[in-house]
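The values are calculated or read from the model by the stated rules, or taken from the named source; none is laboratory data. Being a predicted model, the structure only gives us computed values, none of them experimental. Please note: Cβ atoms are built from the backbone with ideal geometry, for glycine as well, and neighbour counts cover all protein chains shown.
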Amino acid sequence: MPGLSRRRLLGAALAGAAGPRAWGAELELHKRFIDDQPATPQVHASTLVELPDGSLMAAWFGGTAERAPDVRIWCSRLRAGAWSAPRAIADGVQPDGSPLPTWNPVLFQASAARGGTLLLFYKVGPDPRQWWGELISSDDGGDHWSPPRRLPDGVLGPIRSKPLMLADGTLLCPSSTEDEAGRWRLHMERSRDMGQSWLPNVPVADPKGYGLIQPSLVVRPDGSVLAFARSRANRIAVTRSRDGGRSWSAAALTSLPNPNAGIEALGLADGRILMVFNPREQGNDWWVGRDRLDLALSGDGGHTWRTVATLEDEPGQEFSYPAAIQTRDGLVHLTYTYQRSHIRHVQLDPRRLG
């Protein structure tokens with residue numbers, strides 16, 4: 001495919017909480033930048049979706065720098081092997097003309113049975129403690145978008161990772177809050193009409209005070225839902241719902257290390273769970289530990305994990321905020337922030353992960 005590079009990376013055969021212990025067969029990955037010529041000085045927090053025609057769409061926020069009032073939501077579409085030039089589709093300009101930054105877009109493509117609408121959730125506000133949720137939609141694969149609609153007070157939409165459409169038609173959105181007192185809390189938001197109205201939020205208990213945000217959801221074969229989240233405890237946390245997201249177990253820590261950075265969990269068609277995450281512990285500064293990005297697999301519902309690949313490993317750089325989907329052809333596609341200057345796209349065959 002034009003512009004597509006091929007790179008061989010070693011897959012780790014075994015891993016524990018401390019990281020890879022042995023290396024196995026080579027894993028072939030396809031890697032490229034979505035934005036070879038970025039439209040903005042900085043980019044971050046990508047999201048990814050497969051559209052009905054089999055093409056992909058990615059979105060992210062970009063501008064002078066995170067929190068700058070010129071930060072807008074940008075998107076690009078992968079057609080015939082090439083990503084389109086980025087274009088801005090949402091901003092934080094207020095009715096009085098004053099600009100506010102936008103944050104953390106999340107794409108969701110409804111099935112034809114659910115209307116086939118493409119949704120884009122995002123946040124607007126000066127910072128994560130004061131932002132609110134907004135929503136736009138498209139009925140033509142993202143070529144045209146509706147005017148933005150502010151979500152009700154207390155509803156932020158999916159905070160960073162993709163929502164799930166449950167079997168009963170409930171759109172389950174993984175969300176969280178960061179308040180002025182520094183408290184981080186998980187909650188789940190639910191809508192039965194594609195975001196037109198919302199049921200009461202469902203909080204997730206954090207009795208040990210791990211400090212949790214930005215959950216990522218996985219549906220299990222038995223219909224239960226797992227939510228994995230970043231924490232302030234240098235480990236990825238997990239909680240489970242067995243009733244369609246109406247209640248959740250108290251959060252517990254997994255064995256996976258993480259420096260309080262964004263993660264993505266993906267339930268594969270074969271029943272395994274793929275985790276894309278930064279595997280180092282946090283240092284004195286928030287970005288320390290985001291200079292390595294790994295893939296790990298669990299074949300037992302998230303109880304045990306083994307690291308199967310290192311996507312990036314460059315001391316002092318940032319590779320963060322991954323998104324992941326499995327497309328109808330069985331391939332896995334990932335996007336993530338590459339040194340805040342680009343969004344990188346990775347394509348792989350999960351059968352090669354072992």
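Can you tell me which residue in region 296-319 is surrounded by the fewest Cβ atoms within 10 Å (Cβ to Cβ), limited to those that are in contact (Cβ under 8 Å) with a residue 60 or more places away in the chain and closer than 24 Å to F33 by Cβ?
First, the residues of region 296-319 that are in contact (Cβ under 8 Å) with a residue 60 or more places away in the chain: 296, 301-302, 305-311.
Then keep just the ones that are closer than 24 Å to F33 by Cβ; that gives 308-311.
Details: V308: 25, A309: 24, T310: 19, L311: 21.
The selected residue is T310.
Residue by residue through region 173-201, note down the ones that are over 16 Å from V238 (Cβ atoms), outside any loop (DSSP other than H, G, I, E, B) and hydrophobic (A, V, I, L, M, F, W, C).
Scanning region 173-201 gives a single hit, C173.
Considering each residue of region 286-342, count those that are within 25 Å of E66 (Cα to Cα) and among the charged types (D, E, K, R), and give that number.
Residues that pass the stated criteria total 9.
Which ranges mark the strands (runs of 3 or more DSSP E) fully within region 264-354 that have 2 or more residues being in contact with a helix residue (DSSP H, G or I) (Cβ under 8 Å, 6 or more places away or on another chain)?
Correct list: 292-298, 306-313.
Restricting attention to region 180-211, which residues are out of contact with any strand residue (DSSP E or B) (no Cβ under 7 Å at 6 or more places or on another chain) and either at pLDDT below 95 or crowded, with 18+ Cβ neighbours inside 10 Å (or both)?
E180, A181, G182
So which of S224, S231, S216, S247 is of a type in the set (S, T, Y), crowded, with 21+ Cβ neighbours inside 10 Å, closer than 18 Å to L171 by Cα and modelled with pLDDT of 95 or more? Give the derivation first.
Details: S224 fails: crowded, with 21+ Cβ neighbours inside 10 Å; S231 fails: closer than 18 Å to L171 by Cα; S247 fails: crowded, with 21+ Cβ neighbours inside 10 Å.
Being of a type in the set (S, T, Y), crowded, with 21+ Cβ neighbours inside 10 Å, closer than 18 Å to L171 by Cα and modelled with pLDDT of 95 or more holds for just one of S224, S231, S216, S247, which is S216.
Output the residues belonging to region 48-68 that are in contact (Cβ under 8 Å) with a residue 40 or more places away in the chain, surrounded by 21 or more Cβ atoms within 10 Å (Cβ to Cβ) and either closer than 21 Å to R150 by Cα or of a type in the set (D, E) (or both).
Across region 48-68, the qualifying residues are A59, W60, F61.
Give the residues of region 153-165 that are part of a loop (DSSP other than H, G, I, E, B) and surrounded by 17 or more Cβ atoms within 10 Å (Cβ to Cβ), sorted by residue number.
V155, L156, G157, P158, I159, R160, S161, K162, P163
Does E318 satisfy the criteria of being farther than 28 Å from V225 by Cβ and among the charged types (D, E, K, R)?
yes
Criterion first (in contact (Cβ under 8 Å) with a residue 24 or more places away in the chain, touching a helix residue (DSSP H, G or I) at 6+ places or on another chain (Cβ under 7 Å) and farther than 23 Å from A45 by Cβ) does L253 satisfy it? Give the derivation first.
On the way: in contact (Cβ under 8 Å) with a residue 24 or more places away in the chain: yes; touching a helix residue (DSSP H, G or I) at 6+ places or on another chain (Cβ under 7 Å): no; farther than 23 Å from A45 by Cβ: yes.
It is false that L253 is in contact (Cβ under 8 Å) with a residue 24 or more places away in the chain, touching a helix residue (DSSP H, G or I) at 6+ places or on another chain (Cβ under 7 Å) and farther than 23 Å from A45 by Cβ.
Do we find that G115 is more than 16 Å from T47 (Cβ to Cβ), at pLDDT below 95 and touching an Asp or Glu at 6+ places or on another chain (Cβ under 9 Å) in this structure? Reasoning before the result, please.
Numbers: more than 16 Å from T47 (Cβ to Cβ): yes; at pLDDT below 95: yes; touching an Asp or Glu at 6+ places or on another chain (Cβ under 9 Å): yes.
The answer is yes for G115.
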